[in-house]
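Colleague: Sharing a structure with you now.
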Amino acid sequence: MRLRLAGIRRALIVAPHPDDEIIGAAGLIRRLKTIGAAVSVVIVSDGGASHPGSRRWPRARLVAERRRESRRALLMLGVSARDLRCLALPDGDLPRHVGDAVRHLRRLSAGADLIVGPAADDAHPDHRAVAAALDRLPGRARRLSYRVWPPRRRGDVQGLTLPVPGGSAFKRLLIARHRTQLGAIRDDPAGFAIAAHELRAFAQPIERFGGAR
């Protein structure tokens, strides 16, 4: 079923980690900007836990770079740095900080008529924690959810669908801005990197969302 966005004036996109906003909702963000909606993005965690064993990329450097990566990718979608908020809660420990997330998100979501965030059944505990925080927000804003983990298989038609402007190639280009998550950090063999099959799944030309049409 096709996602309809008529009447949306202000949208809040919430990401557990830097890059989830692109993986989950890049096409949606671009479409919202096209129809003239104001779009704000909130990244809840600091993104600093992906390469704990790297000596070249200590946590402070990694956190700063991941924030820059999100800025670069969002700028390609028409979202400026002033519309990005980074809460810098501890990556990998968000289940213990749901209350903190609720407090921040309550303030930042005021006036939004669309709130988009991770699915409650996402396989990553940080994502589920952010979904729980969003579930505690007051108000009547329309809610949509995206799932990142596990990546959706090609051909999955469940939920509301939205074509990505520019298709797979454009979405892959956006994800590529997050180079720290694509193998650029080489001195931590146990560090995280998006695998090739995951990148293919993330860069599908159709985004899917849970929620009311």
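Colleague: On the principal axes of its Cα set, how long, how wide and how thick is the chain? Give whole Å, largest value first.
Modeller: Its Cα atoms span 49, 37, 30 Å along the three principal axes.
Colleague: I've got another one for you. Just to confirm a number: summing +1 for Lys and Arg and -1 for Asp and Glu over residues other than residue 97 whose beta-carbon lies under 12 angstrom from that of residue 97, what do you get?
Modeller: So the environment of residue 97 carries a net charge of -3.
Colleague: Is segment 121-213 best put as rounded, prolate or oblate by its Cα gyration tensor, with a ≥ b ≥ c the root eigenvalues, rounded for a/c under 1.5, and otherwise prolate when a/b is larger than b/c, oblate when not?
Modeller: oblate
Colleague: Whenever you get a sec, compute what percent of the accessible area on the chain sits on carbon and sulfur atoms (1.4 Å probe). Let's see the in-between values first.
Modeller: Details: 5090 of 9980 Å².
Ligands and nucleic acids excluded, carbon and sulfur give 51 percent.
Colleague: Can you tell me, using C-alpha contacts under 8 Å and at least 6 residues apart, the relative contact order of the chain as a whole percent?
Modeller: On the way: 401 pairs, mean separation 61.1, N = 213.
Contact order relative to length: 29 percent.
Colleague: Using a 1.4 Å probe, what is the accessible area per residue for segment 102-191, in Å²? Walk me through the numbers before you get to the answer.
Modeller: Values: 4590 Å² over 90 residues.
Here the per-residue accessible area is 51 Å².
Colleague: Among 22, 13, 194, which one shows the biggest mean-square fluctuation in a GNM of the chain, springs joining Cα atoms closer than 10 Å?
Modeller: Looking only at 22, 13, 194, the largest GNM fluctuation is found for 194.
Colleague: Something else about it: Which distance in Å, rounded to a whole number, links the C-alpha centroids of segment 127-205 and segment 1-45?
Modeller: That distance is 12 Å.
Colleague: Less than 14 Å from a label point 7 Å out along the Cα-to-Cβ axis of residue 187: which backbone N atoms in segment 60-96 qualify, by residue?
Modeller: 60-62
The values are calculated or read from the model by the stated rules, or taken from the named source; none is laboratory data. In this text the structure is predicted, and so the values were computed from the model without any measurement. Neighbour counts run over all protein chains shown; Cβ positions are idealised from the backbone, glycine included. Just the protein is used for accessible areas: all its heavy atoms, side chains included, with ligands, DNA and RNA removed. Shrake-Rupley method; radii C 1.70, N 1.55, O 1.52, S 1.80 Å.
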